[in-house]
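A short write-up of the structure that comes next.
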Amino acid sequence: WYAGVGGQQVGPMPRGDLTGRLRSGEYAPDTLVWRVGMANWAAASGVPELADASGPQPPALPGQ
């Protein structure tokens, strides 16, 4: 996997490293990513293989 960070290409890196950086907030969901087999760069949030990077979301607070 590669990521576009600050106008620079970062990688290659294993998927686990990329998802860890997404989970920690080091990379935002709109960070552009690419791997062999993808036609173009895409936002991490739109790549099915990275769906687990966002983790489970809590329910809305009561009264919200």
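Of all residues in the range 29-46, those satisfying the criterion of being part of a loop (DSSP other than H, G, I, E, B) and open to solvent by 40 Å² or more (accessible area, probe 1.4 Å) are Pro29, Asp30, Arg35, Val36, Gly37, Ala39, Asn40, Trp41. Pairing residues of the range 1-19 that are without any contact (Cβ under 8 Å) to a residue 12 or more places away in the chain and over 18 Å from Ala39 (Cα atoms) with residues that are among the charged types (D, E, K, R) and open to solvent by 40 Å² or more (accessible area, probe 1.4 Å), at Cβ distances under 7 Å and at least 6 apart in sequence or on separate chains, gives no pairs at all.
In the range 1-25, the qualifying residues are those that are outside any helix (DSSP H, G or I) and among the β-branched types (Val, Ile, Thr), and the one that is farthest from Ser45 (Cα to Cα) is Val10.
The values are calculated or read from the model by the stated rules, or taken from the named source; none is laboratory data. Computed from a predicted structure; not experimentally measured. When we count neighbours, we look across all protein chains shown, and the Cβ atoms used for this are built from the backbone with ideal geometry, even at glycine. These accessible areas exclude ligands, DNA and RNA; they are computed on the full protein's heavy atoms, side chains included. Shrake-Rupley method; radii C 1.70, N 1.55, O 1.52, S 1.80 Å.
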